[in-house]
Every structure is written in C-alpha cells, then in structure tokens.
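Enquirer: Please read through the structure below; I'll follow up with questions.
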Amino acid sequence: MTTLYDFHPQLADGSEFDLGQLQGKVLLIVNTASKCGFTPQYNGLEAIHRQFKARGLEVLAFPCNQFGGQEPGNADEIGAFCEKNYGVTFPLFAKIDVNGDQAAPLFKYLKKEAPGLLGSKAIKWNFTKFLVGRDGRVAKRYAPQTRPEEIVSDIEALLAQ
C-alpha cells in the first residue's frame, strides 16, 4: 500500500526529497504560483511555518503553471521571487503539474485521499492546500480561497495529537 512517505518529489534545485524523513510531522502541502490573485497567501504560509515549525509543522510548496500560466518562471526565478517578496523559508519544490496525465504522483495520491467538492479529484486552481497529520494521512483539503490563517485551529489540533 502506498503512503505519503513513499514519494520522492524533486526540490527546486533538482535534488530528490524523501518525504519519509517527515514522518511524525504535520504537513501543509500547497500548489503555488507567483502571478496569481492568491499569491499573497505566501505571507500566511510563511507566518504559519514560523509559528509552528518548532512544534512539528512543515509547509511544502509545489509551484504549478497549469492555471492561467501564472507560474511562468524557472526554479531560480520562483525562489528569488518568493524570498524577496514574502521571505519564504519553507521548501520550494520543482515546478509540477497537479492535474492531467503528467500530474505529479504525489498530487495524484493527495487528490485520491482527499477529493474536492462532490468527490471531484481535479485541483481547481493555485493554492489548493492539503493538511496531513502526523500519521501521514490526509486530514483535510482546502480550497484556494481559504487563507492559511483560517486553518490554524486545524493545524493546532493535529499538532496536539
């Protein structure tokens, strides 16, 4: 049986990242974009990362250009943008697809574990968020318009487990 910890997505620098090293942590996994109306959510993601990292939260950002071409840059450009404009210190992964035949295996798994409204598996837009408990199970999926600060109570509940 496949678990979240079986995946090895690529970081922005091209190196492989073993999600197994995050066992026992709470994860907030987000597909992101630099030129989206929701891009200011990077502020909230960074604030949550700083607030809860010491207690076991990891924020993981996966840039995606599938929605309106809103993530056109390469890895270096994306990283520089996130650092300069939002002070991002959490991991940025390589740009991926989240829908379709070329969807990253991790996102295929997340969508299967936590379908959207009416059982839809497709991700509708940038900044869809998946909250994963310490046990590696997807606890909840959040719509793009749900701001990171709105899920703090859910994060706290999982960190307390």
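The values are calculated or read from the model by the stated rules, or taken from the named source; none is laboratory data. Predicted, not measured: the structure shown is a model, and the values here were computed from it. Glycine gets a Cβ as well: all are built from the backbone with ideal geometry, and neighbour counts include every protein chain shown. Calculation scope for accessible area: heavy atoms of the full protein, side chains included, ligands and nucleic acids excluded. Shrake-Rupley method; radii C 1.70, N 1.55, O 1.52, S 1.80 Å.
Enquirer: Answer yes or no as to whether ASN85 is over 28 Å from GLY24 (Cβ atoms) and either part of a loop (DSSP other than H, G, I, E, B) or touching a strand residue (DSSP E or B) at 6+ places or on another chain (Cβ under 8 Å) (or both).
Expert: On the way: over 28 Å from GLY24 (Cβ atoms): yes; either part of a loop (DSSP other than H, G, I, E, B) or touching a strand residue (DSSP E or B) at 6+ places or on another chain (Cβ under 8 Å) (or both): no.
Considered against the rule, which asks whether it is over 28 Å from GLY24 (Cβ atoms) and either part of a loop (DSSP other than H, G, I, E, B) or touching a strand residue (DSSP E or B) at 6+ places or on another chain (Cβ under 8 Å) (or both), ASN85 comes out as no.
Enquirer: Considering only residues of the stretch 88-110 that are of a type in the set (Val, Ile, Thr) and part of a loop (DSSP other than H, G, I, E, B), which is farthest from PRO40 (Cα to Cα)?
Expert: Among those residues, the one meeting the criterion is VAL98.
Enquirer: Residue by residue through the stretch 1-17, note down the ones that are free of Cβ contacts under 8 Å to residues at least 40 places away in the same chain and under 26 Å from GLU77 (Cβ atoms).
Expert: Within the stretch 1-17, HIS8, SER15, GLU16 qualify.
Enquirer: For the structure I just gave you, tell me whether ASN126 is part of a helix (DSSP H, G or I) and either within 30 Å of ALA160 (Cα to Cα) or touching a Leu at 6+ places or on another chain (Cβ under 6 Å) (or both).
Expert: Values: part of a helix (DSSP H, G or I): no; either within 30 Å of ALA160 (Cα to Cα) or touching a Leu at 6+ places or on another chain (Cβ under 6 Å) (or both): yes.
It is false that ASN126 is part of a helix (DSSP H, G or I) and either within 30 Å of ALA160 (Cα to Cα) or touching a Leu at 6+ places or on another chain (Cβ under 6 Å) (or both).
Enquirer: Still on this structure: Filter the stretch 112-132 down to residues that are under 18 Å from LEU19 (Cβ atoms), modelled with pLDDT under 95 and open to solvent by less than 30 Å² (accessible area, probe 1.4 Å), then give me how many there are.
Expert: Result for the stretch 112-132: 1.
Enquirer: Does LYS140 fit the bill of being in a helix (DSSP H, G or I), open to solvent by 20 Å² or more (accessible area, probe 1.4 Å) and not acidic (Asp, Glu)?
Expert: Working: in a helix (DSSP H, G or I): no; open to solvent by 20 Å² or more (accessible area, probe 1.4 Å): yes; not acidic (Asp, Glu): yes.
So LYS140 fails the test.
Enquirer: Hey, could you check the stretch 1-50 for residues that are part of a helix (DSSP H, G or I) and under 14 Å from ARG147 (Cβ atoms) and say which is most open to solvent (accessible area, probe 1.4 Å)?
Expert: Within the stretch 1-50, the match that is most open to solvent (accessible area, probe 1.4 Å) is ASN43.
Enquirer: Would you check if there is a residue in the stretch 64-81 being farther than 20 Å from GLN10 by Cβ and open to solvent by less than 10 Å² (accessible area, probe 1.4 Å)?
Expert: No.
Enquirer: Starting from the stretch 138-161, keep only residues that are of a type in the set (Ser, Thr, Tyr), then list their pairs with residues that are assigned to a strand (DSSP E or B) whose Cβ atoms are within a distance under 6 Å, requiring at least 6 positions of separation or different chains.
Expert: TYR142/LYS129
Enquirer: Test each condition in (1) exposed (fewer than 13 other Cβ atoms within 10 Å of the Cβ); (2) touching a helix residue (DSSP H, G or I) at 6+ places or on another chain (Cβ under 8 Å); (3) of a type in the set (A, V, I, L, M, F, W, C) for ALA160 and report the one that comes out false.
Expert: Single failed check for ALA160: (2).
Enquirer: Another one. Sort through LEU92, LEU60 and tell me the only one that's within 22 Å of LYS140 (Cβ to Cβ) and buried (at least 18 other Cβ atoms within 10 Å of the Cβ).
Expert: LEU60
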